[in-house]
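A short worksheet on the structure shown next.
The values are calculated or read from the model by the stated rules, or taken from the named source; none is laboratory data. Please read all numbers here as calculations on a predicted model, not as lab measurements. Ideal geometry is used to build each Cβ from the backbone, glycine not excepted, and the neighbour counts take in all protein chains shown. Surface areas here come from the heavy atoms of the whole protein model, side chains and all, with no ligands, DNA or RNA. Shrake-Rupley method; radii C 1.70, N 1.55, O 1.52, S 1.80 Å.
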Amino acid sequence: GGSSSCSTCGTGTYSTSYSTECSVCDTGKIASDRGSSACTECDAGRAANANHTQCVECAAGKAAEAGSQPSCTSCADGYYSSSGSDVCTKCDAGKAANANHT
(Lines give C-alpha, C1' and ligand atoms only; values in the text may rest on other atoms or scores of the structure.)
Protein backbone atom coordinates (compact mmCIF):
# COMPACT_ATOMS: atom_id res chain seq x y z
CA GLY A 1 0.00 0.00 0.00
CA GLY A 2 1.01 3.54 -0.73
CA SER A 3 1.30 6.33 1.78
CA SER A 4 -1.88 8.31 2.36
CA SER A 5 0.06 11.53 2.90
CA CYS A 6 3.36 13.12 1.96
CA SER A 7 6.06 13.47 4.61
CA THR A 8 8.55 16.32 4.85
CA CYS A 9 12.18 15.48 4.13
CA GLY A 10 14.47 16.07 7.10
CA THR A 11 17.57 18.24 7.21
CA GLY A 12 20.46 16.88 5.13
CA THR A 13 18.04 15.39 2.58
CA TYR A 14 15.97 16.65 -0.35
CA SER A 15 13.38 15.53 -2.86
CA THR A 16 12.24 16.73 -6.26
CA SER A 17 8.65 16.80 -7.52
CA TYR A 18 6.91 13.42 -7.54
CA SER A 19 9.71 11.73 -5.56
CA THR A 20 8.86 8.61 -3.64
CA GLU A 21 11.63 9.14 -1.10
CA CYS A 22 14.02 11.73 0.33
CA SER A 23 17.62 11.53 -0.90
CA VAL A 24 20.75 12.39 1.10
CA CYS A 25 22.62 15.41 -0.28
CA ASP A 26 25.69 14.67 -2.39
CA THR A 27 29.11 14.99 -0.78
CA GLY A 28 30.02 18.65 -0.25
CA LYS A 29 26.39 19.85 -0.30
CA ILE A 30 23.91 20.58 2.48
CA ALA A 31 20.19 21.00 3.16
CA SER A 32 19.95 23.00 6.40
CA ASP A 33 16.15 23.23 6.30
CA ARG A 34 13.48 20.53 6.40
CA GLY A 35 11.51 20.14 3.18
CA SER A 36 14.35 21.11 0.83
CA SER A 37 13.89 20.57 -2.91
CA ALA A 38 17.63 20.86 -3.60
CA CYS A 39 20.95 20.85 -1.76
CA THR A 40 23.30 23.83 -1.55
CA GLU A 41 27.04 23.72 -2.29
CA CYS A 42 29.35 24.91 0.49
CA ASP A 43 31.38 28.08 -0.07
CA ALA A 44 35.15 27.98 -0.65
CA GLY A 45 37.07 27.16 2.53
CA ARG A 46 34.14 25.19 3.95
CA ALA A 47 32.86 21.61 3.65
CA ALA A 48 29.64 19.80 4.57
CA ASN A 49 29.45 18.09 7.94
CA ALA A 50 28.74 14.34 8.12
CA ASN A 51 24.96 14.87 8.32
CA HIS A 52 24.89 17.29 5.35
CA THR A 53 23.13 19.88 7.53
CA GLN A 54 25.73 22.66 7.69
CA CYS A 55 28.96 23.86 6.12
CA VAL A 56 31.92 23.94 8.48
CA GLU A 57 35.17 25.86 8.12
CA CYS A 58 38.24 23.88 7.06
CA ALA A 59 40.84 23.58 9.81
CA ALA A 60 44.29 25.12 9.42
CA GLY A 61 46.45 22.87 7.22
CA LYS A 62 43.48 21.94 5.02
CA ALA A 63 41.60 23.67 2.20
CA ALA A 64 38.46 23.31 0.08
CA GLU A 65 37.90 25.02 -3.26
CA ALA A 66 34.29 25.94 -4.00
CA GLY A 67 32.65 23.49 -6.38
CA SER A 68 35.71 21.37 -7.01
CA GLN A 69 36.30 19.59 -3.72
CA PRO A 70 33.57 18.00 -1.64
CA SER A 71 35.61 18.07 1.55
CA CYS A 72 38.53 19.77 3.26
CA THR A 73 41.74 18.13 2.07
CA SER A 74 45.16 18.28 3.68
CA CYS A 75 47.74 20.55 2.11
CA ALA A 76 50.53 18.82 0.20
CA ASP A 77 54.11 18.81 1.50
CA GLY A 78 55.67 22.26 1.07
CA TYR A 79 52.27 24.01 1.33
CA TYR A 80 50.34 25.52 4.25
CA SER A 81 46.99 27.17 5.02
CA SER A 82 45.13 28.99 7.78
CA SER A 83 41.62 27.95 8.86
CA GLY A 84 38.85 28.58 6.33
CA SER A 85 41.20 28.50 3.35
CA ASP A 86 40.12 27.65 -0.17
CA VAL A 87 43.69 26.99 -1.35
CA CYS A 88 46.98 25.91 0.16
CA THR A 89 49.88 28.35 -0.23
CA LYS A 90 53.35 27.25 -1.34
CA CYS A 91 56.18 27.98 1.07
CA ASP A 92 58.74 30.50 -0.12
CA ALA A 93 62.24 29.35 -1.09
CA GLY A 94 64.30 28.65 2.00
CA LYS A 95 61.22 27.78 4.08
CA ALA A 96 59.29 24.57 4.71
CA ALA A 97 55.81 23.81 6.06
CA ASN A 98 55.55 22.25 9.52
CA ALA A 99 54.12 18.74 9.97
CA ASN A 100 50.56 20.13 10.32
CA HIS A 101 50.89 22.33 7.19
CA THR A 102 49.95 25.38 9.24
What residue, of Thr27, Thr8, Thr40, Thr16, is more than 20 Å from the chain's Cα centre (by Cα), closer than 19 Å to His52 by Cα and surrounded by 10 or more Cβ atoms within 10 Å (Cβ to Cβ)?
-> Thr8
Within the stretch 26-49, residues being assigned to a loop (DSSP other than H, G, I, E, B), of a type outside the set (Ser, Thr, Tyr) and touching a Ser or Thr at 6+ places or on another chain (Cβ under 7 Å) number 6
In the set Ala60, Ala97, which member is part of a loop (DSSP other than H, G, I, E, B), among the hydrophobic types (A, V, I, L, M, F, W, C) and open to solvent by less than 40 Å² (accessible area, probe 1.4 Å)?
-> Ala97
Give me a count of the residues in the stretch 1-25 that are in contact (Cβ under 8 Å) with a residue 24 or more places away in the chain and part of a strand (DSSP E or B).
-> 3
With respect to Cys55, determine if the residue is in contact with a strand residue (DSSP E or B) (Cβ under 6 Å, 6 or more places away or on another chain) and either farther than 19 Å from Ala31 by Cβ or in contact (Cβ under 8 Å) with a residue 60 or more places away in the chain (or both).
-> no
Would you please name the residue that is modelled with the highest pLDDT, looking only at residues in the stretch 63-88 that are closer than 28 Å to Cys9 by Cα and surrounded by fewer than 16 Cβ atoms within 10 Å (Cβ to Cβ)?
-> Ser71
